[in-house]
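Computed from the coordinates by the stated procedures, all read-outs in this text should not be read as laboratory data. Quick caveat: nothing in here was measured; it's all calculated off a predicted structure. All Cβ positions, glycine included, derive from the backbone under ideal geometry; neighbour counts span all protein chains shown.
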Ligand SMILES: [Zn+2]
């Protein structure tokens with residue numbers, strides 16, 4: 001009965017690649033390659049940063065599928081990319097574990113989506129590691145913020161200035177672990193900067209940030225390869 005239902009649903013909703021629409025696969029080899037490319041190591045101000053994909057329409061479809069539709073296939077692709085970035089950034093670093101801190105969404109956004117995309121993504125990354133990588137969702141949005149889409153870098157910075165707070169539990173959770181911020185997209189870097197400010201204000205400065213993809217618009221200005 002179940003297999004008949006699955007066959008029926010495939011007839012009604014044919015499987016297609018999330019990124020490019022290729023038939024009969026949820027993710028085609030070409031789109032899979034977007035997320036398994038070697039991480040690009042960079043810096044945001046003085047903070048080490050790594051990401052895998054450049055922001056482009058195929059990449060955007062994966063981000064939206066994970067964020068807005070809750071697609072596990074898309075989330076898994078992003079987590080694969082983020083895990084490679086984390087491995088690359090932390091290779092050779094002497095620390096007792098990693099605490100992944102997701103860039104937070106406003107509570108109203110989480111309610112409207114029906115899921116905390118950032119938290120689910122960070123958990124999916126930690127599942128690719130052992131107990132040495134844990135998730136600490138201790139950043140929160142403490143005042144209403146506008147959707148960053150369509151804002152220029154200075155408007156984004158003003159929109160998020162002082163908008164995050166870090167839970168003081170973080171100091172207890174941190175121990176001797178390294179704090180690494182996680183997000184799906186870096187555009188101007190405003191969210192990571194605000195996250196770093198809030199974390200540093202409670203005595204827990206991040207050692208790095210990882211993003212699944214980065215906007216090419218700001219690569220030459222913001223990121224020094
Ligand atoms: Zn594809």
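Rank-order 78-89, 151-162 by packing density, defined as the average count of other C-beta atoms within 10 Å over each peptide's residues, highest first.
Result, highest mean first: 78-89, 151-162.
Estimate the FRET efficiency between residue 54 and residue 22 by the formula 1/(1 + (r/R0)^6), using the beta-carbon distance for r and 22 Å for R0, to the nearest 0.05.
0.65
Relative to the first principal axis of the alpha-carbon coordinates of the chain, what is the inclination of helix 117-126, with its axis defined by its Cα atoms, in degrees from 0 to 90 and to the nearest 10?
Helix 117-126 and the main axis of the chain meet at about 90 degrees.
So what's the angle, to the nearest 10 degrees on a 0 to 90 scale, between helix 190-201 and the longest Cα principal axis of the chain?
Roughly 40 degrees between the two axes.
Over the alpha carbons of the range 105-186, what is the largest minus smallest coordinate on each principal axis, giving the biggest first in Å?
39, 25, 22
Work out how much length residue 173 to residue 200 would gain on full extension: take 0.36 nm times their residue separation and subtract the Cα-Cα distance, in nm to one decimal. Write out the running numbers ahead of the final one.
Values: separation 27, 0.36 × 27 = 9.72 nm, distance 1.47 nm.
Between residue 173 and residue 200, full extension yields 8.3 nm more.
Compute the helix-to-body angle for 2-12: its Cα long axis versus the longest principal axis of the chain, expressed 0 to 90° and rounded to tens.
It works out to around 90 degrees.
GNM, the chain, Cα, under 10 Å: largest mean-square fluctuation among 43, 61, 111?
For the chain, modelled as a Gaussian network with Cα springs under 10 Å, the answer is 111.
What does the extension gain come out to for residue 132 and residue 69, with contour length at 0.36 nm per residue minus their alpha carbon separation?
Answer, rounded to one decimal: 19.7 nm.
With no solvent and one equal point scatterer placed on each C-alpha of the chain, evaluate the Debye formula and give log10 I(q)/I(0) for q = 0.15 Å⁻¹, two decimals.
These q points yield log10 I(q)/I(0) values of -0.99.
Go ahead and set up a Gaussian network model of the chain, Cα springs under 10 Å, then flag whichever of 210, 110, 18 fluctuates most.
Of 210, 110, 18, the most mobile in the Gaussian network model is 110.
With springs only between Cα atoms under 10 Å apart, run a GNM on the chain and tell me which of 73, 182, 59 wobbles the most.
Checking each option, the largest mean-square fluctuation is seen for 73.
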